[in-house]
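The values are calculated or read from the model by the stated rules, or taken from the named source; none is laboratory data. Keep in mind that this is a model prediction, so the values were computed, not measured. Here Cβ is always computed from backbone atoms with ideal geometry, including for glycine, and neighbour counts include all displayed protein chains.
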Amino acid sequence: MTRRRPQPRRLLRRDRREVDRVRDRAFEQIGRHLLGDLQREARSLLEAGVPDVWDTLSRKFEGQMIHTALEVTRGRRIEAAQKLGIGRNTITRKIQELGLDD
């Protein structure tokens, strides 16, 4: 009796599911790491009595997200904005506010 070979579509679906599982696990680990770092930094700033901790960390987070999106898109602001889920005017305004246009 000959063994049937898996259909290419079945293999692709199985491979996609595996890729999805690996990606989801990686995002969970990154998320835990990121949140842990954010918590430590917030605690440190709060305990040191730094004013405007919310604004400080928000600006840092936004700046890093925009900077990374611009790197990924090789400086294309509209594409970076789309990837971040924000408008092109918003990314331009944030770049100016955060001093990223230098």
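Within region 65-95, the residues that satisfy the criterion of being over 22 Å from Leu34 (Cβ atoms) and either assigned by TED's automatic domain parsing to the domain that holds Leu34 or of a type outside the set (A, V, I, L, M, F, W, C) (or both) are Arg74, Gly75, Arg76, Arg77, Glu79, Gln82, Gly87, Arg88, Asn89, Thr90, Thr92, Arg93.
Among all positions in region 28-48, there is at least one residue which is at pLDDT 80 or above, part of a loop (DSSP other than H, G, I, E, B) and under 30 Å from Glu97 (Cα atoms). Of all residue pairs spaced 6 or more apart or on separate chains, those with beta-carbon atoms under 6 Å, a first member in region 44-69 that is at negative phi and a second member that is surrounded by fewer than 11 Cβ atoms within 10 Å (Cβ to Cβ) and of a type outside the set (S, T, N, Q) are Val53/Leu46. If we keep just the residues of region 49-66 that are exposed (fewer than 14 other Cβ atoms within 10 Å of the Cβ) and not charged (D, E, K, R), which is nearest to Leu100 (Cα to Cα)? Looking at residues that are exposed (fewer than 14 other Cβ atoms within 10 Å of the Cβ) and not charged (D, E, K, R), I get Gln64.
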